[in-house]
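Here's the structure, in structure tokens; my notes come after.
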Amino acid sequence: MCAFRPNELRISIIGAGKIGEALARRLLENGYEELVATCRSEERERELRASGIPVIRDNRYAVERSDVVVISVKPFQVAGVLKEVRDLVDYDKLLISVAAGVTSEFVERVLGREARVIRAMPNINAVVGESVTALARGAHAREEDMEIAKEIFGTVGHCVEVEERLLDAITAYSGSGPAYALVFIEAMVQAGLKTGIPRDLSLLLAAYTLSGTARLLLETKKHPAELRDLVTTPGGVTIEAIHVLEKSGFRAMLMDAVYEALKKSLQIRELLAESAE
């Protein structure tokens, strides 16, 4: 772990959307007091201030006062933000981008210089401190930069270090993953309604079943198939349901869905690369 204390780092979060707000809130709760977030509208600024998050609408001031700059805007806004502040970004600052498709090479190209860049791909579960965030270092990031990124994103959940080449796939997989899980839960609720279980109870049972199964998998470290076999008895209830799922191509549909999301992620990356030229 990194040896710094929270108040030794001055952090700015450029773009206090859902992820940026969640990160700011968790950092503050973990003692990172030297923090400021930015937003674009006066209404959003009032909303964030009312919730206790220090926020301004001046990206340049936020970057100038910071050791670590988290770029948390939409992918096609990243170039504009970088151009706005690039004269303030020297090699002493660590840049962390959470924008899908924005490569570390893209960041350096827009800045016009080498930079310490870490890419991060969290997901919306950061709101409740249960994100899984993939972190990848750019060509000029140092070991201590990765440790700082792990400290920061560890406040919103779990972190894994990966090669940057995997981030497009991870964006389509775990970045979008909560949406797939929520579609599954919605389907479970509808199945509950069809079998006569009240709506509120169906939702509660589905959510806890999914979260409990995930915890079972992580804590036992057993293969999903091995755990599934614990529930699936010969001639029993569960095997009938699994037969229907297999016959309907459930697995293939999920694989196809993630692959289509990956293709979209790659398209975004290509369009971003063209915009920087």
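The numbered conditions (1) free of Cβ contacts under 8 Å to residues at least 60 places away in the same chain; (2) farther than 27 Å from L88 by Cα; (3) open to solvent by 40 Å² or more (accessible area, probe 1.4 Å); (4) not aromatic (F, W, Y) are all true for V162 except (3).
Picking from residues in the range 104-133 that are basic (K, R) and surrounded by fewer than 17 Cβ atoms within 10 Å (Cβ to Cβ), the one that is nearest to Y91 (Cα to Cα) is R113.
Yes or no: the range 177-185 includes at least one residue that is in contact with a Leu (Cβ under 9 Å, 6 or more places away or on another chain), buried (at least 18 other Cβ atoms within 10 Å of the Cβ) and in contact (Cβ under 8 Å) with a residue 40 or more places away in the chain. Checked the range 177-185: no residue is in contact with a Leu (Cβ under 9 Å, 6 or more places away or on another chain), buried (at least 18 other Cβ atoms within 10 Å of the Cβ) and in contact (Cβ under 8 Å) with a residue 40 or more places away in the chain. Taking the conditions (1) closer than 26 Å to V110 by Cα; (2) of a type in the set (A, V, I, L, M, F, W, C); (3) open to solvent by less than 20 Å² (accessible area, probe 1.4 Å) in turn, F76 satisfies each one other than (3).
Selection of the range 228-253 for residues being part of a helix (DSSP H, G or I), closer than 20 Å to G212 by Cβ and out of contact with any helix residue (DSSP H, G or I) (no Cβ under 6 Å at 6 or more places or on another chain) yields R228, D229, L230, V237, A241, I242, L245.
Evaluate the range 189-209: report whether one residue or more is under 30 Å from A99 (Cβ atoms), of a type in the set (A, V, I, L, M) and at pLDDT 95 or above. Within the range 189-209, one or more residues are under 30 Å from A99 (Cβ atoms), of a type in the set (A, V, I, L, M) and at pLDDT 95 or above.
Please enumerate the residues belonging to the range 141-159 that are of a type outside the set (A, V, I, L, M), within 12 Å of L23 (Cα to Cα) and in contact (Cβ under 8 Å) with a residue 60 or more places away in the chain. Within the range 141-159, E151, F153, T155 meet the criteria. The lone criterion from (1) touching a strand residue (DSSP E or B) at 6+ places or on another chain (Cβ under 6 Å); (2) outside any helix (DSSP H, G or I); (3) of a type outside the set (D, E) left unmet by G101 is number (1).
In the set L88, L35, only one residue is under 23 Å from the mean Cα position of the chain (by Cα) and open to solvent by less than 80 Å² (accessible area, probe 1.4 Å); that residue is L35.
Out of all the residues in the range 119-140, is one or more outside any loop (DSSP other than H, G, I, E, B), under 21 Å from E33 (Cβ atoms) and within 17 Å of the chain's Cα centre (by Cα)? Looking for residues that are outside any loop (DSSP other than H, G, I, E, B), under 21 Å from E33 (Cβ atoms) and within 17 Å of the chain's Cα centre (by Cα), one finds at least one in the range 119-140, hence yes.
The values are calculated or read from the model by the stated rules, or taken from the named source; none is laboratory data. Since the structure is predicted, the reported quantities are computational estimates derived from the model, not experimental observations. Using ideal geometry, Cβ is built from the backbone for each residue, glycine included, and neighbour counts are taken over all protein chains shown. Side chains are part of the model used for accessible areas, which takes the heavy atoms of the whole protein and leaves out ligands, DNA and RNA. Shrake-Rupley method; radii C 1.70, N 1.55, O 1.52, S 1.80 Å.
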